[in-house]
Amino acid sequence: MTQELGLIELIVGASALVQVVMLILVLASLSSWFLIIQRVMLMRRADDELLVFEEQFWSGIDLAQLYREGNQAVTEGQLPTGVESLFRAGFKEFSRLSQQSDMDADAILEGSRRAMRVALMRETDRIEQHLPFLASVGSTSPYIGLLGTVWGIMHSFRGLANATQATLATVAPGISEALIATAMGLFAAIPAVLAYNRLAARSDVLLNRYETFLDEFSGILQRQTYALKANQSQRR
Amino acid sequence: MSADRLLFAGLPAALTLLLHGGLILILVVRGSGANEVVAAAPAIQPIQATLVQAETLKPRPKTTAPTPKPKPKPEPKPNQPAPAPTPAIESEPEPTEVTQPAPAAPEWDAEQLAALTREELETLVDADIMTTGAGEPSLRDVVAATIQAAVINRWTRPPSARNGMVAVLAIQLVPTGEVVGVGVLQSSGDTAFDRSAMTAVKRAGRFPEVAKLDDPAFEANFRRFQLIFKPEDLRY
């Protein structure tokens, strides 16, 4: 048999539903790879930012000055991300509340903690965005590929029923073309599953570190609040 | 910010496209390479269970070859009821015909293939008869072809069969077409192969077309003749 059975001929010769399945799988693979690369880049940047900021934060710098440095970036149009947004939300709320003399220490602390929680939620959303998409590509694309394969094999066997001579050569191209769908499904699914697991673990680690920072920072704020209130009551 | 967005959308997109494009390219190139291998595989030849008339070989009947089970029964038996009087070509699934796509033919469906093979068989027989140069070529031609087809249909090659094996069977008929003796005239060296050839002839059991021949023609051609079995359509 000298007939050429290239990949392209097989795909072009496939039935319409199999082609639709293949198209869906190609799109799924493309978008999942896009997201994988983007998420990994984002994750890496968030890690770097966290390291840099923590170094700056624990270097003994005045917190008001750190806040002002951030202000400059914000006025340039760069919104704070990661742990810096936590810091800015908490510090802003703290300074705003401590201006009001009738607030007691617990209320100030509670307010700034709440502001930081909100910022943490926003960060969580940002980091875990699109991860469910990877999970669903990983779990459904093998099934979609399987559907294409089963359909293609059904098709080629139905064609076989009309022929009186059952040769391997009459079914083989159909089955081969149908199996491409499964291969594509697996090709889309495997990296998506791997990346989902990896990214989920990494984002957990990152969010844990954010939470740790939140607790540490509220410890500092608590100390400052009580010092502030003690000063105010002495002055009175 | 806009540069950032460009980085987080453009780079993953570019990498994704690069990855998929490269993969498809590799698959296509590799696929065409594999095709060449398939094309270079040995062209499958039609089966050659050639019918040879025994008239030239009559002087030295069965003594020349190692015959495990010669069964010499030269006396024609009276009419035996035929166990399976189904001599026609379409009686059984035909493993020999379906596995032989003729080389250099681009596209076949199974029926064309079968028709072609049948044609080939007939031309083969024709050629044989021309070389032996016997009398009435038409009737003899038909009878020889039917015998050949009936035997081929019932022949199951054992897994030990290899290309290049040749087994010559001596077959004895009575004028009704009954097979009264089958012996191995020249062994292929593989007893399983010899036995499979003998089983094929015994399963055919009776060739009713022989009864149509008149006596001299029968005596000259089919009282005792040889069948050469070559498993040429095997791939290994």
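The values are calculated or read from the model by the stated rules, or taken from the named source; none is laboratory data. Just so it is clear, the structure is predicted and the values come from calculations on it, not from any experiment. FYI the Cβ positions are ideal-geometry reconstructions off the backbone, even for glycines, and counts take in every protein chain you see.
Points to keep in mind about this one:
- Residues of segment A:161-182 that are touching a residue at least 40 places away in the same chain (Cβ under 8 Å), of a type in the set (A, V, I, L, M, F, W, C) and closer than 24 Å to A:V26 by Cα: A:A178, A:I180, A:A181.
- Set B:V166, B:V180, B:V151: member being more than 18 Å from B:R224 (Cβ to Cβ) and modelled with pLDDT of 80 or more: B:V166
Results for (1) without any contact (Cβ under 8 Å) to a residue 40 or more places away in the chain; (2) within 30 Å of A:L228 (Cα to Cα); (3) within 35 Å of the chain's Cα centre (by Cα), shown as yes or no for each residue.
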| position | (1), (2), (3) |
| --- | --- |
| A:Q100 | yes, yes, no |
| A:I127 | no, no, yes |
| A:I144 | no, no, yes |
| A:G159 | yes, no, no |
| A:P191 | no, no, yes |
| A:N197 | yes, no, yes |
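- Among residues of segment A:1-45, those that are touching a helix residue (DSSP H, G or I) at 6+ places or on another chain (Cβ under 6 Å), at pLDDT below 80 and away from every other protein chain (no Cβ under 11 Å), counted: 1
- Matching residues in segment A:98-113 - criterion: being assigned to a helix (DSSP H, G or I), surrounded by fewer than 17 Cβ atoms within 10 Å (Cβ to Cβ) and not small (G, A, S): A:Q99, A:D106, A:E110
- Unmet requirement for A:L206, which otherwise passes all of (1) within 30 Å of A:L120 (Cα to Cα); (2) surrounded by fewer than 16 Cβ atoms within 10 Å (Cβ to Cβ): (2)
- For segment A:125-173, taking the residues that are at pLDDT below 80 and surrounded by 15 or more Cβ atoms within 10 Å (Cβ to Cβ), the one that is farthest from A:R44 (Cα to Cα) is identified as A:Q165.
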